[in-house]
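Scroll down for the structure; my scribbles are underneath it.
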Amino acid sequence: MRESIDVTDVREQDPTADAAAVLEVDNLQVRFPTDDGVVHAVRGVSYSLRPGEVLGIVGESGSGKSVTSLAVMGLLPRTARITGSVRFRGRELVGLNDKEMSGVRGRGISMVFQDPMTSLNPVYKIGVQLAEALQTHDKGMSDKVARQRSIDLLDLVGIPNARARVDQYPHEFSGGMRQRVVIAIAMANQPDVIIADEPTTALDVTVQAQVLETLRTAQAETHASMVLITHDLGVVAGMADRVLVMYAGKPVETGDVDDIYYRPRMPYTVGLLGSLPRVDRGDRQRLTPIQGSPPSLLNLPPGCPFTPRCPMAQDICETEEPPLEPVDGIGHYSACHFSSKLMAKDEVEPEEIFEAGASTDETDYEVET
Amino acid sequence: MTTVPTTPQDVQAGAEREFTVAARSQWQMVARRFFAHKLAMVSLVVFILVVAAAFIIPLFMKHGYQYQGEDLSVGPSSKHLFGTDSIGHDVFAEVLRGIQTSVKVSLLAMIVGEVIGIIIGAVAGFYRGWADSVLMRAVDVVLTVPVLVLVLVLSRLTGGNWWSMALIIGGVTAAPTSRLVRSVFLSLREREYVEAARALGATDNRIMWRHLLPNSLGPIIVDATLAVAGAILTESALSFIGFGIQPPDVSLGTLINDGVNASQTRPWLFYFPGLAIIIVVLTVNFIGDGLRDALDPTQQRVRA
Amino acid sequence: MLPFIVRRLLISIVVLLVSTFGVFVLQANSGNPLATLTTRQPPPPPSTINALRDQLHLNVPIPLRYFYWLGGVLHGDLGKNINGIPVKSQIFARLGTTIELVLVAMIVALILAVLTGVISAVKQYSVLDYSTTFVGFVLISIPTFWMAGLLKDVAIRINQSAGSTIFSFSGQSTPDYNGGFFGNLSDRASHLILPTITLALISYASWSRYQRASMLDVLNSDYMRLARAKGVPWRKVLVRHGLRTALIPLTTVVAIGFGAIIGGAVVTETVFDWHGMGEYLIEAARTIDTNEMLAWLLFSATAVVVFNLIADILYAVLDPRIRLG
């Protein structure tokens, strides 16, 4: 009896499934009951992932970007309440039991986590942990073959002297190398989707580039689609085809990577770009940090959650939460009552919207109407 | 025009919309968490009541625990709440006296043990080097002998009064406490605020007593409650085998010793003193658990 | 690892020397071992008392006395007790008795602790979790000697209502009993069960809490999550990644608890009339019999030291991050 589900079978079973989209998330919501009340961590995320596409999900801490991906993988704690739909190759994943989900994890969709220092079990050798990924989905694979495959995978991700290192323990590897091992594990079974949750956040800048390169390799080898979650816009710029910007549990802008970077239509996106130091600009610029901090998802007030920090906010922003609506550009959506104001310019300079270095100033700022 | 909230004050005001909780001092938060731990709260109340009863009720009783009345080996009745023993002692009065002994011994033992343990552990953990090695080797030696055995041997050196027992028990339990304090100090001394204090010119003493000790209070307090519970059990065990409190004074251990072979025919001699120990120690343990939760909020409790 | 073991053994020997010397000094100062002899009626002749005094080296300063004893030990002679009986002949039988009790109790406690600790952690905040935690608290609040008495009382009542001796509570086995292999075995078992439960229950309660905490730590770890993300089913993840890693701290906990078990055995043997090391110790303390006391300490301290050494080695074997240099 085959325990792992063959994903291609599913596709043949459901002819109405959208053959173009590998992963379809539709109005995903996640709620956590806590001692202080219900935290609405994810408030309606939707996206569609095509084969070979890289989607970058960007947001601050607490925006719900990690929770969304954990929900897709079914790795949230039992207390989490998940509603909405997640379809992988046409098959609904929300509501599957652990056994069924285990067939998908690591084979159809695999994941790379943030902290490489704690992602690997310290008491097992690297080779054993790699072989586990392989043999879980191929019960018939012999230990010898699994070991060889593990060595090949280590080679692929750029671990030197793989044949010797496959018998070492995680604590004998550096952070960057451990992350590469985790990526190797993620690509071991030729998945269709790789979700990388802040894969470079815990690493030094120089190592970050290596790990991103490894991710590119993984994508090239497996032809998988990728969901790249990060708060670092620089990381996204180099790798993503499309970008989804999240704030307070909801997407606030989504579109092509060029559209997002050069034609942002939501003040939060503008602010994010403005707080990014740009080496490609010749002139000296001041950074335009967004004041304040993200709202608590415990008692979210009505209206647009970005209102307290938004320089363009008006009364309507406090009462009505703007829906995600199409703006200029194919597949470009923005959730702002006043995206039209931003559309008036072809390219938006953050300093025009956010006062540069305004953290100590007390002057009011007016926006042209 | 616009009513745009862009000044820092406006942003702050907007953010406060969502937060209706007021700022609290650190100890207020600890207290708040402790009171939320229902079992600990109930235990605290019960413990205080029992201890108060043990010290206050005998003042109003006609006859003390040493009085030998006429009713011999009588079961619980309205005259003798817990019955009497074969010589006519009122068991209720004896149990109350026993609780007094337990409380006195354990509190003194805890204080002695914690003070000695903190000093040894702090010096070892802070200075390291040969002071650490010497002290910890000594502690190791003490730890190879089981607590009961060590106390047993030492008890022969002193009389059978409660405070000498407390000193012995406290001295012996200083060993595991010093281990704990040492490891806490070891981890704390690497923190940045120690470096910062040094950069400001603080002396070793100042750093130890003004910075490190207050920050180690959490585990120390929890250890202290465990020490109280342990001391009660150790003292009663010692008294049970005859090396602790000596007659005519009474301890819950001696009472149980008297009653253990009579549990079939006169169960009140065995069960009442036992229940007394259990209730006292159990409440102390729950209080300790509540304190642990209150002082270390890193555990997130999610409603099931 | 070998240099580590050698170093530890050397340190252990020093520890043994210091602790035996310390206890020796305490014992020597705690009273006059001849007192029981001199107050006997009718008093023995002075020659007997003097002979005993010489034999016990009471005329000689304390440190020298200790070296006499130490010299004897290195020749395999543990000296004679106050009544002139060689300690060696008495102590080994008692050692066997206590080992039987302690070993069985530890194994039972360990198995129970792992089971309840793991299940409590996996089903955190469930009714099962809360009730086992509560029961655990109650158990560690019960004095060992009272628990022993309680079990004895309950056992007698069960025996009475059942009309037969299911539980025996006096001694290790029925004297002069010979019912063949299985008969003897069940006889020993019926004698073993109550003291074992007494000792096991209290250790179990505290070990179970540690196991629960350790398991909870592991359950929230990133590597558990990664293992699940690989597609390993929950049960397998629990055992292969969870249990394996969560058991490691238990070695330290058990090693520390070993001393407490010995202390508990002292009391338990008293209540159940087991003629083991515990009873021996109490008698030695009562009569201020130094040779008996020191022999007891020698064995007990050695056991503790060896136990700790095994625990440390086991820890290093289980956790590759700890490599003993």
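None of the figures in this text is laboratory data; all of them are computed from the coordinates on show. Remember, predicted model here, so these are calculated numbers, not experimental data. So basically every Cβ, Gly included, is an ideal-geometry build from the backbone, and we count neighbours across all protein chains shown.
Here are some notes:
- Local electrostatic count at A:Gln29 - Lys and Arg +1, Asp and Glu -1, tallied over other residues with Cβ under 12 Å: +3
- Helix B:91-127 and the longest principal axis of the Cα set of chain B meet at an angle near 40°.
- Prolate/oblate/rounded label for chain C (Cα gyration tensor, a/c 1.5): oblate
- Of the beta bridges in the protein assembly as shown, as assigned by DSSP with both residues counted there, near 60 percent are antiparallel.
- Where only C-alpha atoms are counted, convex hull volume of the protein assembly as shown per residue in Å³: 243
- Overall form of segment C:34-172 per C-alpha gyration tensor (a/c, 1.5; a/b vs b/c): prolate
- Whole-angstrom gap from segment A:30-83 to segment A:292-311, using each part's C-alpha centre: 18
- Environment charge at B:Gln264 (Cβ cut-off 13 Å; Lys +1, Arg +1, Asp -1, Glu -1): +2
- Partners of A:Lys99 within straight-line reach, counting lysines whose Cα lies under 21 Å from its Cα and excluding those fewer than 8 residues away in the same chain: A:Lys139, C:Lys123, C:Lys230, C:Lys236.
- Using a cutoff of 8 angstrom between alpha carbon atoms and counting only pairs six or more residues apart, the relative contact order for chain C works out to 26 percent.
- A Förster distance of 35 Å, applied to the separation of the beta-carbon atoms of C:Ala213 and C:Val154, puts the FRET efficiency at 0.65.
- Simple label model, 7 Å out from Cα along Cβ direction - C:Arg7 to A:Ala20, nm: 6.8
- On Cα atoms only, tilt of C:277-286 relative to the major axis of chain C in degrees: 40
- Cross-link partners of B:Lys104 among lysines, defined as those whose alpha carbon lies under 25 angstrom from its own and excluding same-chain residues fewer than eight positions apart: B:Lys62.
- Considering helices alone, the calculated mean residue ellipticity of chain B at 222 nm is -22500 deg cm²/dmol, with DSSP H runs of length four and up weighted by -39500 (n - 2.57) and normalised per residue.
- Chain C, helix-only ellipticity at 222 nm - DSSP H runs n ≥ 4, -39,500 (n - 2.57), divided by all residues, nearest 500: -25000 deg cm²/dmol
- For chain B: rounded, prolate or oblate by the Cα gyration tensor [a/c cutoff 1.5]: oblate
- Other residues with beta-carbon under 13 Å from the beta-carbon of A:Leu215 carry, at +1 per Lys or Arg and -1 per Asp or Glu, a net charge of -2.
- Computed from Cα positions, the angle between helix C:248-272 and the longest principal axis of chain C comes to roughly 50 degrees.
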